[in-house]
């Protein structure tokens, strides 16, 4: 089965910054030689995340607030003693959300719901340019 790999990059704000990458992923699928298959969306790095959501500002704020309750940024995590970078919560948030997502596509169109977008989340304490690998497999 043919495989195509592309890389995209997005600039994402610190502490739960969220960027909608749906159009970028759709464009990569559309520009591929594949008509039907799956695309794996993978964020490189241990403090980033990939998921789906209804991308709107109030839900983004709810997401950030609930993560702060579950894994507060100002807590003294054991990880801080390893590197002294004080981003233990960032790593934990990434582990919970995950760094990848697989989305089927049919006739070059992602099979997302009407209010479902693919987003990249930066959990790190600093703004980052996130590199995202798109790997498509299909026919």
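Quick look at the numbers
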read-out	value
Subset of the range 1-31 [surrounded by fewer than 19 Cβ atoms within 10 Å (Cβ to Cβ) and assigned to a loop (DSSP other than H, G, I, E, B)]	1, 2, 13, 14, 15
Pick from the range 72-94, criterion in a helix (DSSP H, G or I) and surrounded by 14 or more Cβ atoms within 10 Å (Cβ to Cβ), ranking: modelled with the lowest pLDDT	80
Residue tally, condition in a loop (DSSP other than H, G, I, E, B) and either modelled with pLDDT under 95 or under 18 Å from residue 62 (Cβ atoms) (or both), over the range 100-124	3
Yes/no for residue 42 being assigned to a helix (DSSP H, G or I), buried (at least 16 other Cβ atoms within 10 Å of the Cβ) and in contact (Cβ under 8 Å) with a residue 40 or more places away in the chain	no
Residues of the range 50-63 that turn out to be assigned to a helix (DSSP H, G or I) and touching a strand residue (DSSP E or B) at 6+ places or on another chain (Cβ under 8 Å), as a count	3
Residues that are surrounded by fewer than 12 Cβ atoms within 10 Å (Cβ to Cβ) and touching a helix residue (DSSP H, G or I) at 6+ places or on another chain (Cβ under 9 Å), drawn from the range 45-71	70
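The values are calculated or read from the model by the stated rules, or taken from the named source; none is laboratory data. In this text, all values refer to a predicted model and were calculated from it rather than measured experimentally. No Cβ is skipped: glycine too gets one built from the backbone with ideal geometry, and neighbour counts run over all protein chains shown.
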